[in-house]
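**Student:** Pasting a structure here, questions to come.
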Amino acid sequence: MSKPLVSIVIPAYNEEKNIVACLQSINNQNYLGPKEVIVANNNSTDQTANLARQEGARVVFESQIGVIYAREAGTRAAQGEIIVQTDGDTTFPPDWLSKIMEAFDKNPEAVAVIGSFKFFDGPWWGKPFTALLFGATSLIHKISGRMVYIPGSNTAFKKKAWHGYNLKLDQGGDEVALLKELKKEGKIIFLRRNAVLTSARRLKKGLLYNIFVILIFYYIFDYSFRRLTGKSIATAFPKIREKDESAEKIS
């Protein structure tokens, strides 16, 4: 029986310091089935696109700044039956993809397979922060069978269960809104131990900032406001930048 094509979609804005390690760890996966790697170049001004091509990735261009726009462009360009959503500052153990596909094989009714992440750098509280986050996620999933959180760096889903990202929801829209839509489509598998390593650069502003500003303000308050009104009470991302002429458009 032939294996389905897997599309690994990576949004990237100025990731020249991280993208090579990311792509090399994907190239070193022990998964034997067909796969494609798509880097959604989000108007980068550095060598992200060129480095990605050198590592064998297909590069598509998205001018609208914001990770959700890049994920949308990359996913629409993807040809695989399975979409794996991750980030350009992330690396993966060699059996990461194999475990994802094994979970799909064992659970044909599942529409998504979710993993966890760990930080390879950052403040001391990063490790207990992720342990608490995924410990609570795992406990709720075991008790109720429901997922309450999915990470942008380690989420796989069947493309037929995906109906596009809600582009009105910049901050968290690629996670919270996607989870809500996947729940409607079917079963979600959680593999807590299938963790990836990602950068803790988003934690640099401190624990309280991440709890009160990122989690409560953006992911809960502003997210809910945008769902009701279609408008944001905050400017989450900079305006559209000038187009990178060297980038490759979606063909």
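**Student:** All but one of (1) under 14 Å from I150 (Cβ atoms); (2) in contact (Cβ under 8 Å) with a residue 60 or more places away in the chain hold for L133; state the number of the condition that does not hold.
**Tutor:** It fails just one condition, (2).
**Student:** Of all residues in the range 8-22, how many are buried (at least 24 other Cβ atoms within 10 Å of the Cβ) and either in contact with a strand residue (DSSP E or B) (Cβ under 8 Å, 6 or more places away or on another chain) or among the basic types (K, R) (or both)?
**Tutor:** 7
**Student:** So which of I114, I100, I189, I140 is touching a strand residue (DSSP E or B) at 6+ places or on another chain (Cβ under 8 Å) and over 22 Å from N28 (Cα atoms)?
**Tutor:** So the residue among I114, I100, I189, I140 that is touching a strand residue (DSSP E or B) at 6+ places or on another chain (Cβ under 8 Å) and over 22 Å from N28 (Cα atoms) is I189.
**Student:** Residues to consider are L5, L32; find the one that is among the aliphatic types (A, V, I, L, M), under 22 Å from E185 (Cβ atoms) and surrounded by fewer than 16 Cβ atoms within 10 Å (Cβ to Cβ).
**Tutor:** Working: L32 fails: under 22 Å from E185 (Cβ atoms).
After applying the criteria, what remains is L5.
**Student:** Still on this structure: Between a first residue in the range 50-69 that is at positive phi and a second residue that is hydrophobic (A, V, I, L, M, F, W, C) and assigned to a strand (DSSP E or B), which pairs have beta carbons less than 7 Å apart while being 6 or more apart in sequence or on different chains?
**Tutor:** So the pair list comes out as G56/V37.
**Student:** Looking only at residues in the range 139-186 that are among the hydroxyl-bearing types (S, T, Y) and closer than 14 Å to S116 by Cβ, which one is modelled with the highest pLDDT?
**Tutor:** Here is the first cut: in the range 139-186, the residues among the hydroxyl-bearing types (S, T, Y) are 144, 149, 153, 155, 165.
After this cut, where a residue has to be closer than 14 Å to S116 by Cβ as well, the list is 149, 153, 155.
Working: Y149: 89, S153: 95, T155: 98.
Within the range 139-186, the match that is modelled with the highest pLDDT is T155.
**Student:** Exactly one condition in (1) within 16 Å of the chain's Cα centre (by Cα); (2) among the polar types (S, T, N, Q); (3) surrounded by fewer than 21 Cβ atoms within 10 Å (Cβ to Cβ) is false for Q64; which is it?
**Tutor:** Going through the list (1) within 16 Å of the chain's Cα centre (by Cα); (2) among the polar types (S, T, N, Q); (3) surrounded by fewer than 21 Cβ atoms within 10 Å (Cβ to Cβ), Q64 breaks only (1).
The values are calculated or read from the model by the stated rules, or taken from the named source; none is laboratory data. Note that the coordinates shown come from a computational prediction; the quantities given were computed from them, not determined experimentally. Because the Cβ atoms are built from the backbone with ideal geometry, glycine has one as well, and the counts that use them run over all protein chains shown.
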